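Read-outs: derived from the displayed coordinates by stated rules, not from any lab. Quick caveat: nothing in here was measured; it's all calculated off a predicted structure. So basically every Cβ, Gly included, is an ideal-geometry build from the backbone, and we count neighbours across all protein chains shown.
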């Protein structure tokens, strides 16, 4: 039986283990212990992802990630009615400790009831918040599942990501010429000024219903009294439309070309990289039908919406694992205003239990 008190205890204990991206050893050890107690054979691949497996044909992959964003050290969840919050100095860690809690509670509940269920594999990745690095480096030779449910979305469990965009990352480096800012500034070429001109000409924000554009990081200069020789900026564009995204790449290249023509003595270099590829759910696929059937058995109506973000599900799909990303009770993720809705977290655990009990019906 799903136990709300145990859910609260599990989440609080997991949230209290510091696990910012790149520092996941303590939480990985805790998860290895917990899944071993549930009867799983637990391994870590060469990248440090936790993979829990058991015998059985056609297992269902349950997935979340173990890392959190900053400020994520010294988290102390505070109960405020049906919400778990913090004092505002840290996140609460719902992204994605709520997902891990959901999986653990469903498996524990079924074990306590000694009820037959679908075979399961569990993958808890590391460094998801750094660009899905754990999933990208996952040893897929250890993964037997061909279908997955990823507990890593915002909101209640019936919020289903019907698709995800392609993510284009760009990194621009500008090299000018240094000079003393007070003695001979006319001999310098300001890399920061050139970078600022370029940024001002680039698009920004939501460009259309399918496309966004952002400059997220800017850096440059070394001291206050020197014309800055180096500057860099990095950003992204995301779109559900591949042609539109390619158009944004061209916009960037044309803007940089114009800057080079205005400043022929400077050097402007750009690198592009696709972080993850777009997908759209097939409503007739087996895993989507299983998810919607389990939601329906609980009286919940699925709410499909295109997502602007990426999850490990993007990577799983690129390796032939059909994946569905569900909400897991977290709200205002990546901010100190984040909270976890305890009623929704219990609902997510009940859904996971129903899915495992009736997937093969």
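Can you work out the base-10 log of I(q)/I(0) for the stretch 13-137 at q = 0.10, 0.16, 0.17, 0.20 1/Å, using the Debye formula on its C-alpha atoms alone? The computed values of log10 I(q)/I(0) come out as -0.32, -0.78, -0.87, -1.12. By the count of neighbouring beta-carbon atoms within 10 Å, fewest first, 222, 234 end up ordered 222, 234.
Over all distinct Cα pairs, what is the inverse of the mean 1/r for the stretch 159-318, reported as the Kirkwood hydrodynamic radius in Å?
Values: mean 1/r = 0.0548 Å⁻¹.
Roughly 18.3 Å, rounded to one decimal.
Computed extension gain for residue 250 through residue 5, at 0.36 nm per residue and net of the alpha carbon distance, reaches 82.8 nm.
On average over all directions, what projected area in square nanometres does the stretch 61-191 have, based on the convex hull of its Cα atoms?
Values: hull surface 58.9 nm².
The Cα convex hull of the stretch 61-191, projected and averaged over all directions, gives 14.7 nm².
Taking the DSSP beta bridges with both ends in the chain, the antiparallel portion is around 70 percent.
For the chain, a Gaussian network of Cα nodes joined below 10 Å ranks 15, 161, 305 by mean-square fluctuation, and the top entry is 305. Structure remark: mean-square fluctuation, Gaussian network model of the chain, C-alpha springs under 10 Å; the largest value among 266, 330, 114 belongs to 114. Kindly provide the helix-only [θ] at 222 nm of the chain, computed as the sum of -39,500 (n - 2.57) over DSSP H runs of four or more divided by all residues, to the nearest 500 deg cm²/dmol? Value at 222 nm, helices only, nearest 500: -10500 deg cm²/dmol. Cβ crowding within 10 Å, taken as a proxy for footprinting-reagent exposure, orders 307, 237 from fewest neighbours to most as 307, 237. Give the calculated FRET efficiency between residue 55 and residue 297 to the nearest 0.05, with a Förster radius of 30 Å applied to their Cβ-Cβ distance. Between residue 55 and residue 297 the formula returns 0.65. Put the Cα centre of the stretch 139-165 next to the Cα centre of the stretch 200-242 and the gap is 30 Å.
What relative contact order, as a whole-number percentage, does the chain give when Cα pairs under 8 Å and 6 or more residues apart are counted?
On the way: 822 pairs, mean separation 88.6, N = 361.
Computed over the chain, the figure is 25 percent.
Centre-to-centre separation between the Cα atoms of the stretch 263-332 and those of the stretch 43-111: 18 Å.
Within the listed set 200, 98, 106, the Gaussian network model of the chain (springs between alpha-carbon atoms below 10 Å) gives the highest mean-square fluctuation for 200. What's the extension gain from residue 140 to residue 41 if we count 0.36 nm per residue and subtract their Cα-Cα distance? Fully extending the segment from residue 140 to residue 41 adds 34.0 nm. Using equal-weight Cα scatterers in the Debye expression, the normalised intensity of the stretch 191-272 in log10 at q = 0.24, 0.25 Å⁻¹ is -1.19, -1.26. Across the stretch 14-73, how large is the tail of the calculated P(r) beyond 19 Å, expressed as a percent of all Cα pairs? Of all Cα-Cα pairs in the stretch 14-73, 33 percent lie more than 19 Å apart.
Full-extension gain between residue 180 and residue 87, please, as 0.36 nm times their residue separation minus the C-alpha to C-alpha distance.
Working: separation 93, 0.36 × 93 = 33.48 nm, distance 4.66 nm.
Extra length from residue 180 to residue 87 when fully extended: 28.8 nm.
Look at 272, 213, 151 and count the other Cβ atoms within 10 Å of each Cβ; fewest to most, that gives 272, 213, 151.
For the chain, the equivalent ellipsoid derived from the alpha-carbon gyration tensor has semi-axes of 43, 22, 18 Å in decreasing order.
Compute the distance in nm between two label points, each set 7 Å from the Cα along the Cα-to-Cβ direction, one at residue 305 and one at residue 201. Calculated label separation equals 3.7 nm.
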